[in-house]
Amino acid sequence: VATLAIRNAIGGDVFVEGPVEATIDATGCRVVPGFVDLQCNGGWGVDFTTEPERAAEVAARLPETGVTAFCPTIITAPPDVMLHAIKVLDLLRHSSPGARSLGVHVEGPFLNPGRAGAHPVRHIRPPSREEAGQWAATGGVAMVTLAPELHGAFDVITHLTSRGIVVSCGHSEISVPVLEEAVRVGVTAATHLYNAMGSMSARMPGTAGAVLANRSLYVGLIADGLHVDPAMVSIAFKALGSRLFLVSDAISALGLEPGTHRIGGMEVTVGEGGPRTADGVLAGSVLRMDEAVRNLAAFTGCSIDEAIAAASTIPASVLGVSQDDRVLLDADNRVAATVISGQVVFDRDGRAG
Ligand code: ZN
């Protein structure tokens, strides 16, 4: 086995196993775990739901943002479109180079129609064990976001978790007692806290309050400063600590110039206020994971190490996978280089020898 030597890093040299003997100069950088994005709908002009064949283009670019592993995420669409995307995206798990796919995140179609967000309401449908069974049978699904309060959802949750698939509560109006029940049935995560869920007030905890009060759930959050007010991010970090994880929820417009783009067959305009549908609804983000890390530290006052954990080791734990890839962060916590499977796949400054 060969070794990649990461030399002169703040905190000392780091050695990782790789395919060939190699060295990279990490002067002025910290070596941190690679970022794991459990909710990424696409980027660089590619939408995973409608153009799964182009997913490798996104995997090749994600290391620039510090992402070394991710769940290509598809949203609500007709059954044949979703199943096709799952099958095609499964091929990505066995291809390289670039960020590794950990399996598809299926967000929808079993969502509360009252909390559709940017999902097309006409394609939202009641939980179907048959459809979920088809996804599970591909072996390519890692995670499913659904609304557990829907009739038939518990049956689907039981089936998915028995196949090792993580089920996350999202696009939901679930109450405190029903969420507790859903957790007993197998739900272990919640999807983009505060967004597309019942909001919180003094006598009505809503879904956001139920998620924050729960003592076991891992909770995803979009820390772009647009989806969630920084004060609410701070509250989430205080309540959840090491159960809070960052997601990008990035769409095809990630990495592109502002203007009009497509997500899931829908027109989306990217401007100062993030990507919006024609009705002005936020349709995912153009957030980079390294930016999310810097934002979390800025919004909450947490240490940069805590923010890095929320983007790396914590999301890895949600799926129960280990994280051996590395990112070199410079003094401004920007990505200088990215190492996947012992290979330098992104090298901003030409540090690899
Ligand atoms: Zn969503």
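The values are calculated or read from the model by the stated rules, or taken from the named source; none is laboratory data. This structure is a prediction, so every number in the text was calculated from the model and none was measured. As a convention, Cβ positions derive from the backbone with ideal geometry for all residues, glycine included, and neighbour counts pool all protein chains shown. Side chains included, ligands, DNA and RNA excluded: accessible areas come from the protein's heavy atoms. Shrake-Rupley method; radii C 1.70, N 1.55, O 1.52, S 1.80 Å.
Values for this structure:
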{"read-out": "Cα-based Rg / Dmax (Å) for the chain", "value": "19.4, 61"}
{"read-out": "Reference-scaled alpha-carbon Rg (2.2 N^0.38 Å with N residues) for the stretch 181-319", "value": "1.07"}
{"read-out": "FRET efficiency, V1 to A231 (Cβ-Cβ, R0 56 Å, nearest 0.05)", "value": "0.70"}
{"read-out": "Positive-pole candidate from P79, Q323, G11, dipole of the chain, charges at beta carbon", "value": "P79"}
{"read-out": "Karplus 3J(HN,Hα) series, Hz, for the stretch 55-71 with 6.51 cos²θ - 1.76 cosθ + 1.60 (x for Gly, Pro)", "value": "4, 4, 5, 6, 4, 6, 8, 4, x, 4, 9, x, 7, 10, 8, 7, 9"}
{"read-out": "Cα long-axis angle, helix 129-138 against the chain (0 to 90 degrees, to the nearest 10)", "value": "20 degrees"}
{"read-out": "Whole-number accessible area per residue in Å² for the chain, which is evaluated in the context of all protein chains at 1.4 Å", "value": "39 Å²"}
{"read-out": "The stretch 24-74 versus the stretch 265-295: alpha-carbon centroid distance in Å", "value": "17 Å"}
{"read-out": "Fraction in percent of alpha-carbon pairs per bin - 5 Å, the stretch 16-171", "value": "2, 9, 18, 20, 17, 13, 9, 5, 3, 3, 1, 0"}
{"read-out": "Rg and Dmax of the stretch 144-216, Cα atoms only, in Å", "value": "11.4, 39"}
{"read-out": "Nonlocal amide H pairs with R163, under 5 Å, H built at 1.01 Å", "value": "none"}
{"read-out": "Whole-percent pair-distance distribution, where bins are 5 Å wide, for the alpha carbons of the stretch 195-234", "value": "6, 21, 28, 31, 13, 2"}
{"read-out": "K87 accessible area, 1.4 Å probe, all protein chains in place, Å² to nearest 10", "value": "110 Å²"}
{"read-out": "Accessible surface ranking that places the most exposed of E53, E257, E306 first, with a 1.4 angstrom probe", "value": "E257, E53, E306"}
{"read-out": "Residues with amide H under 5 Å from that of F245, placed H, sequence gap 5 or more", "value": "V219, G220, L221"}
{"read-out": "Nonlocal amide H pairs with H261, under 5 Å, H built at 1.01 Å", "value": "V268, T269, V270"}
{"read-out": "Difference of contour (0.36 nm per residue) and Cα-Cα distance, A239 to R129", "value": "36.2 nm"}
{"read-out": "The chain, helix-only ellipticity at 222 nm - DSSP H runs n ≥ 4, -39,500 (n - 2.57), divided by all residues, nearest 500", "value": "-8000 deg cm²/dmol"}
{"read-out": "Protection proxy ranking of 3-13, 59-69, 155-165 - average other beta-carbon atoms within 10 Å, highest first", "value": "59-69, 155-165, 3-13"}
{"read-out": "Accessible-area composition of the chain, carbon plus sulfur, in percent [1.4 Å probe]", "value": "52 percent"}
{"read-out": "Whole-number D in µm² s⁻¹ for the stretch 175-250, Kirkwood Cα-pair radius fed into Stokes-Einstein, 10 °C, 1.306 mPa s", "value": "127 µm²/s"}
{"read-out": "Accessible heavy-atom area order of M266, M200, highest first, probe of 1.4 Å", "value": "M200, M266"}
{"read-out": "P(r), alpha carbons of the stretch 48-112 - 5 Å bins starting at zero, rounded %", "value": "4, 19, 31, 22, 14, 8, 3, 0"}
{"read-out": "Radius of gyration, Dmax [the stretch 285-353; alpha carbons; angstrom]", "value": "12.9, 38"}
{"read-out": "Descending Cα extents along the principal axes, the stretch 239-329, whole Å", "value": "38, 28, 28"}
